[in-house]
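Before any comments, here is the structure.
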Amino acid sequence: MKKSEVPQDKSNLESANFRELCYAVDENGEYTTAHTTGWDPKTIALDNAIEDIHQRIEDAKNRVQNNQTSPIEYYMEFHKMDLPILASYVGIWQWRVKRHFKPKVFHKLSNKILQKYADVFEITIDQLKNLQHAN
């Protein structure tokens, strides 16, 4: 694609003043870099991914409010993590982190364990227990 033809379609990235670097051919027929704010197919895929993330966060929040899971799962989704990433950040086996999703288990966790989660999520233990970050 020629440098003058690099698409500049509207996208979520544009509002964050983010531009992507891509390769294009300049006037001399040589490869060079060009900035783009996005193009429609990529924008559609990005919008779908963001919508999916928001839905997962909302679903986790509802499960916490219905006492079906602990706030740990909500904050994991809110911070766009998955189980392996969260487990590695808190230094706890994945099966134990998953077990901490159970409300009965969560309420029995020591402050030492809760502090590990709070540190990863950059909140206080009180916020972790009371889901005060829920939007």
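The values are calculated or read from the model by the stated rules, or taken from the named source; none is laboratory data. Note that this is a predicted model, so its numbers are computed, not measured. Cβ: placed from backbone, ideal geometry, glycine included. Neighbour counts: every protein chain shown.
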Report task. Return the total of residues in the stretch 44-70 being touching a Lys or Arg at 6+ places or on another chain (Cβ under 7 Å) and assigned to a helix (DSSP H, G or I). Result -> 1
Query raised in the report: Within the bounds of the stretch 56-73, is there any residue that is buried (at least 16 other Cβ atoms within 10 Å of the Cβ), modelled with pLDDT of 75 or more, within 19 Å of Leu109 (Cβ to Cβ) and of a type in the set (D, E, K, R)?
Result: yes
Query raised in the report: Among the residues of the stretch 80-135, which ones are in a helix (DSSP H, G or I) and among the hydroxyl-bearing types (Ser, Thr, Tyr)?
Result: Ser88, Tyr89, Tyr117
